[in-house]
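Read the structure below first, then the notes.
The values are calculated or read from the model by the stated rules, or taken from the named source; none is laboratory data. Source: prediction; values computed, not measured. All Cβ positions, glycine included, derive from the backbone under ideal geometry; neighbour counts span all protein chains shown.
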Amino acid sequence: MEAYFDNSATTKVLDCVKDAVVDAMCVNYGNAAAKHRKGVEAENLIREAKKAIADTLKVQEKEILFTSGGTESNNTALIGTALANRRAGKHLITTGVEHPSIYNTMSFLEEMGFEVTYLPVDHLGHISLEDLEKAIREDTILVSVMYVNNEVGAVEPIEAISQCIKKKNPKTLFHVDAIQAYGKYKIRPKKQGIDLLSVSGHKIHAPKGVGFLYIRDGVKIRPILFGGGQQKGMRSGTENVPGCVGLGVAAREAYKDFDARIEKLDTLREHLIAGLKPLGGVTINGSEDRTNAPQIVSASFEGVRSEVLLHALEDKGVYVSSGSACSSNHPGISGTLKGIGVQKELLDSTIRFSLGDLNTEEEVDYAIGVLGELLPVLRRYQMK
């Protein structure tokens, strides 16, 4: 049996998405900037995809900017707003447990002369609204907070964070990295007070290499790519029509039968946690209840290095990640796990299981059974 539990790293492309992508590659293959019929057809496909995405968020089509994925969306949001608003101030706020595409971009902006405040989190991965309120200043131009943490599944109180920001400094922009939240939560940027929102396609069964950034109408932002002026000058470069089309279809699918899908994920997560605990020497990181994201379980296995366990599981057809699979294959201890206070001896013994729509209870049972066989052997081996 094969059990793929690395859906927060990437997902299998759905058949309906694949069919739409192939059609846009082989039938409606025109350049969306071309003036002839093929170009107009391609442009219409992009418009339809934008509408599909905008409908899921209850926003305007013109507020959706297609990108190459989550990293570019985050870079555009941070660098674009920082450069456009630097006369108003040079202070930015984020958390200490962000994805590298936020953290490293903030480091770049610090090199450019901006000042960044990094907020700590509690043992469940949540920031303190009091800390945030204290950190906001007159010259704070942007706050960026991850909706769902990609390693432990902590869910930040987005609406409360926005209210805190706007109360202290109404001019401060609020960016949300929703890459692990889109398709798992009903997101309403207008209602929740979100100015910018990043999403990646390959986390929701769309192809790799496409994503989008929601930019509230009226937000002052500069492009970070220059060239032919596509997407109203905000992102130059020939538009990736097949990718955009695939993302539009995947976005629609992500919100079909939404409540039933999320109930299934929550139930699978609970079943997995219930199966892991009796194995002994297992610590679940973050919230075990439904306040956590429905797709992520972070578990530390005492006496076993995560990389050893990952490859032992792989040999049995069970695919997971050690901490997070979003930052290449660089070895290193997770800043998120440190941030939530995971014991030092467990930092390098943590595995992330990330569930998806295609997973079954049978696969969860299989993975638990395999772990039951492997753990005693690996622990004996590593203690020698």
Hits in the stretch 30-69 (condition: assigned to a loop (DSSP other than H, G, I, E, B) and either over 16 Å from ALA251 (Cβ atoms) or not assigned by TED's automatic domain parsing to the domain that holds ILE224 (or both)): GLY30, ASN31, ALA32, ALA33, ALA34, LYS35, HIS36, SER68
If you check THR76, THR94, which single one turns out to be crowded, with 23+ Cβ neighbours inside 10 Å, outside any helix (DSSP H, G or I) and β-branched (Val, Ile, Thr)? THR94
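Criterion first (surrounded by fewer than 19 Cβ atoms within 10 Å (Cβ to Cβ) and modelled with pLDDT under 95) does LEU83 satisfy it?
So LEU83 fails the test.
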Being β-branched (Val, Ile, Thr) and under 30 Å from CYS16 (Cβ atoms) is the filter here; which residues of the stretch 172-228 pass it? VAL176, ILE179, ILE187, ILE194, VAL199, ILE204, VAL210, ILE215
Index of the failed condition, GLY218 passing every other in (1) assigned by TED's automatic domain parsing to the domain that holds LYS58; (2) of a type outside the set (D, E, K, R); (3) outside any loop (DSSP other than H, G, I, E, B): (3)
Quick check: anything in the stretch 38-56 out of contact with any His (no Cβ under 7 Å at 6 or more places or on another chain), small (Gly, Ala, Ser) and closer than 13 Å to LEU197 by Cα? yes
Residue count, the stretch 129-155, condition within 29 Å of ASN7 (Cα to Cα) and of a type outside the set (Asp, Glu), comes to 12
When residues of the stretch 299-309 are filtered for being surrounded by fewer than 20 Cβ atoms within 10 Å (Cβ to Cβ) and under 20 Å from ASN150 (Cα atoms), how many remain? 1
For the stretch 333-384, which positions are touching a Gly at 6+ places or on another chain (Cβ under 9 Å), small (Gly, Ala, Ser) and not in a helix (DSSP H, G or I)? SER334, SER349, SER354
Can you name the residue in the stretch 253-274 that is assigned to a helix (DSSP H, G or I) and surrounded by fewer than 17 Cβ atoms within 10 Å (Cβ to Cβ) and is also farthest from the chain's Cα centre (by Cα) among such residues? ALA274
Report every pair of residues separated by at least 6 positions or lying on different chains whose Cβ atoms are under 6 Å apart, first residue within the stretch 280-304 and without any contact (Cβ under 8 Å) to a residue 60 or more places away in the chain, second acidic (Asp, Glu). ARG290/ASP266
Please find, among VAL318, VAL249, the residue that is surrounded by 18 or more Cβ atoms within 10 Å (Cβ to Cβ), more than 27 Å from LYS51 (Cβ to Cβ) and of a type in the set (Val, Ile, Thr). VAL318
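Conditions (1) at pLDDT 95 or above; (2) of a type in the set (S, T, N, Q); (3) out of contact with any Phe, Trp or Tyr (no Cβ under 6 Å at 6 or more places or on another chain); (4) not assigned by TED's automatic domain parsing to the domain that holds ARG261, marked per residue:
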site: LEU129; (1), (2), (3), (4): yes, no, yes, yes
site: LYS134; (1), (2), (3), (4): yes, no, yes, yes
site: THR140; (1), (2), (3), (4): yes, yes, yes, yes
site: VAL143; (1), (2), (3), (4): yes, no, no, yes
site: MET146; (1), (2), (3), (4): yes, no, yes, yes
site: VAL155; (1), (2), (3), (4): yes, no, yes, yes
site: ALA160; (1), (2), (3), (4): yes, no, yes, yes
site: CYS164; (1), (2), (3), (4): yes, no, yes, yes
site: ILE179; (1), (2), (3), (4): yes, no, yes, yes
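Within the stretch 239-259, work out how many residues are of a type outside the set (Gly, Ala, Ser) and touching a helix residue (DSSP H, G or I) at 6+ places or on another chain (Cβ under 8 Å). Outline the logic, then answer.
Here is the first cut: in the stretch 239-259, the ones of a type outside the set (Gly, Ala, Ser) are 239-242, 244-245, 247, 249, 252-253, 255-259.
Now restrict to residues that are touching a helix residue (DSSP H, G or I) at 6+ places or on another chain (Cβ under 8 Å): 239, 241-242, 244-245, 247, 249, 252-253, 255.
The qualifying residues number 10.
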Just checking, which of LEU173, LEU196 is in contact with a strand residue (DSSP E or B) (Cβ under 6 Å, 6 or more places away or on another chain) and within 27 Å of LEU265 (Cβ to Cβ)? LEU196
